[in-house]
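Student: Got a structure for you, written out below as structure tokens; questions coming shortly.
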Amino acid sequence: MAMSVQLELKHQQVLSMQQIQSLNILACSNQELAEVMNQEFLENPMLESDGDKTGDLISSLDKVYENSTASQQDDNYGESEENKKYPDIADTRSHNIEDLLLSQLDSRKYTKEHWELFRILIQCLDDEGFLKIEPIHLAEAFPYSENEIQDAVDTLQKLEPVGIFSRNLSECILKQLSQKGIEDPILFQLVSESLPEIASGNLAQMSRKYKLSTEELKKYIHIIGSMNPRPIMNAEKEDSQFIVPDIIVRRENDGYSIQINDNWVGNYRLNDYYLKLLKTTRNSELREYFEKKLLRARNLLAAVEQRRKTIVRIAEFIVKFQRGYFENDEPLKTLKMEDIADQIDINVSTVSRAIKGKYIQYRKTIPLRDLFSSAAVVGNNQNEYSSADMRDRIKSIIEAEDKSKPLSDQKISEILKNDGIPISRRTIAKYRTDAGILDSRQRMFLKE
């Protein structure tokens, strides 16, 4: 039995960690990238920022802390019994907040008196969602006992947003940490005891008090800052969702100016102090630590710059190619990611990552992906219909439907087939979802 040895050459591309990081950065929206940069800033001493994120957070906490720990003399509780004045109770409260809170309660469990008390307590909330008036003082102003008021407060404190009806900022943040399953005793101690020190920016004193490094303390402050310090204000904003564009287009003479909406990135740079320390230190372990952190910081900054260049090139091509759409509301021209990849000599997967989750603003703000148009469906008359065409057609059919009898996806499919456009129910559901339209049952529920 003869044996032979054969050599075979294969070309296999292996991505380095730097390349993988660069691709991940490219896929980030501006908001996601801001979070990545901030997290690296918290963990990497070789990276510094002109706009100190910890300083911004401290300033924000300072304002909230002052408002949420108002002195009792402002509430006139220190006056004599005869001259005691109770804080004014707001006679109006946003119906959105009242509806948001009361809709979470089971109407069968509470009496008419309960609902009246709930509404009174909601009106007693301050502008940030805190209840600073003690039940004993409310009992003196309204025909309810202190126990009844406390029971009602306990019920309302369990509602969303988490932290509503807290007495102060510390209690509000502690509730949110518990709700997220965070059980770090040092973090709880910081929130319970040291919000004033955080607000004053005295990090050195706190590092000594809790025996934490500055980096560890900054991480804790970042977690605290990610909590919601103003339950009502954020709840009121939930109805209005704002899209921050990643790419801003401006008309300049006969051309266009393409800008990435990430001016804050310029705030990040290498830390001069640690660069000098790296050159002068004789400690081999310290030098190795700083060298690794320096390489990581440089790779990140390089990936961010490459991301900017790639997105600008892609956006420039798209804006020029779809000029009729931008300027004259003409239908989108057929454009595939492969077309851009060929024209600017990059990989199709790079184009896909670059446009993922990004919005472009010129006269209006739209998803960058929506500017691509391909023949999603071919009609019986051989006419081609793009994804955007199909979304628009489905939207038009639903807008014209009998609101008391919303059309199912299957029915919409049949209507389009009768118009010479063969399309399945599942595809209808996909385009309907992409257009942000609820299904027939949800539309019926909202109608009711």
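Read the figures in this text as sums done on the coordinates, not as results from a lab. The structure displayed is predicted, hence computed values, not measured ones. Heads up, the Cβs are rebuilt from the backbone with ideal geometry, glycines too, and the neighbour counts pull from every protein chain shown.
Student: Roughly how many nanometres apart are two label points built 7 Å out from the Cα toward the Cβ at D419 and E43?
Tutor: Each label point lies 7 Å from its Cα, and together they span 5.0 nm.
Student: Of K219/K276; K158/K403; K356/K430; K175/K430, which sit over 27 Å apart, Cα to Cα?
Tutor: Details: K219/K276 25 Å; K158/K403 36 Å; K356/K430 18 Å; K175/K430 39 Å.
K158/K403; K175/K430, as the Cα separations exceed 27 Å there.
Student: Could you work out the local net charge near F165, counting Lys and Arg as +1, Asp and Glu as -1, over the other residues with Cβ closer than 10 Å to its Cβ?
Tutor: Every neighbour counted, the sum reads +1.
Student: For R119 and A139, what is the calculated FRET efficiency with R₀ set at 22 Å and r taken between the beta-carbons, to the nearest 0.05? The partial results should precede the final answer.
Tutor: Values: r = 17 Å, r/R0 = 0.75.
Rounded to the nearest 0.05, the efficiency is 0.85.
Student: Oh, and also: Give me the one-decimal nm value for the distance between modelled label points at A400 and R426, 7 Å along each residue's Cα-to-Cβ direction.
Tutor: Taking the two extended label points, one gets 2.9 nm.
Student: Computed FRET efficiency, Cβ-Cβ of K109 and I243, R0 45 Å: what is it to the nearest 0.05?
Tutor: Values: r = 39 Å, r/R0 = 0.88.
With a Förster radius of 45 Å, E is 0.70.
Student: Find how much the distance from N261 to K180 grows on full extension, using 0.36 nm per residue of separation minus their present alpha carbon separation; answer in nm with one decimal. Show your work: numbers first, answer last.
Tutor: On the way: separation 81, 0.36 × 81 = 29.16 nm, distance 3.18 nm.
So the extension gain works out to 26.0 nm.
Student: Just to confirm the filter: which GluC sites (Glu not before Pro) across the stretch 155-208 are DSSP coil and have at most 16 other Cβ within 10 angstrom of their Cβ?
Tutor: Numbers: sites: E171, E183, E193, E197; in loops: E183.
Qualifying residues, ordered by number: E183.
Student: Set the Förster radius R0 to 22 Å, insert the Cβ-Cβ distance between K309 and N347 as r into 1/(1 + (r/R0)^6), and round the FRET efficiency to 0.05.
Tutor: Numbers: r = 15 Å, r/R0 = 0.68.
FRET efficiency, K309 to N347: 0.90.
Student: How much length, in nm to one decimal, is gained on full extension between L438 and K333, taken as 0.36 nm per residue of separation minus their Cα-Cα distance? Write out the running numbers ahead of the final one.
Tutor: On the way: separation 105, 0.36 × 105 = 37.80 nm, distance 2.84 nm.
Working it through step by step, the gained length comes to 35.0 nm.
Student: What is the order of I120, I314, I133, fewest Cβ neighbours within 10 Å to most? Spell out each step's value before the answer.
Tutor: Values: I120 16, I314 24, I133 20.
Listing I120, I314, I133 from fewest to most nearby Cβ atoms yields I120, I133, I314.
Student: Around D254, what is the net charge, scoring Lys/Arg as +1 and Asp/Glu as -1 over all other residues with Cβ under 15 Å from its Cβ?
Tutor: On the way: positive: R250, R251, K320, R323; negative: E252, E316, E327.
For residues surrounding D254, the net value is +1.
Student: Counting only the backbone N, which residues of the stretch 303-333 are under 19 Å from the spot 7 Å out from the Cα of L275 toward its beta-carbon?
Tutor: The answer is 303-306, whose backbone nitrogens lie closer than 19 Å to the label point.
Student: For F326, F165, what's the fewest-to-most ordering of other Cβ within 10 Å of each Cβ?
Tutor: Values: F326 20, F165 24.
In order of increasing Cβ crowding within 10 Å: F326, F165.
Student: Still on this structure, please answer the following. Distance in nm between label sites at D254 and Y210, each 7 Å beyond Cα in the beta-carbon direction?
Tutor: 6.2 nm
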